[in-house]
Amino acid sequence: MVIVFVVHHQKLVMDEFDLIFEDSDDRPVTAQNVTEFKYLECCIKETMRLYPQLPLISRRLTEDVQTGFSLISQSSCSIIYRNTDVYSEPESFKPERFLPENSIGRQPYAYIPLSACTHLYR
């Protein structure tokens, strides 16, 4: 996962663990605890956005296709999902973009290609 390479975010996740577990190493994890890991959830979603399970969608077009945004040429063979209309700086690792206050107006599964939301391809 990307978080191991970003020390700042790793520290924030560890701080969240310490806050939830109150520095207790021997307490078991409960289902309630899992719901409390808000920043960790943001990091997981951001990792899935940057490195999705299906990072490449391959199709062979028989003719040019005009979308609401652009023309997809018949010679195109793939579309990579990192939409600048949905995420500013789509190449940057920014888990904070998944905090509730930063997700207003965005579909909840927009970070997962081919998920339960409407997709915009460029």
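Read the figures in this text as sums done on the coordinates, not as results from a lab. Source: prediction; values computed, not measured. So basically every Cβ, Gly included, is an ideal-geometry build from the backbone, and we count neighbours across all protein chains shown.
Of note:
- Segment 89-109, subset of a type in the set (Lys, Arg) and surrounded by 15 or more Cβ atoms within 10 Å (Cβ to Cβ), residue nearest to residue 9 (Cα to Cα): 94
- Any hit, segment 7-16, residues being surrounded by 11 or more Cβ atoms within 10 Å (Cβ to Cβ) and under 14 Å from the mean Cα position of the chain (by Cα): no
- Taking segment 27-51 as the range and being of a type in the set (Asp, Glu) and within 21 Å of residue 82 (Cα to Cα) as the test, the residues that pass are 41, 46.
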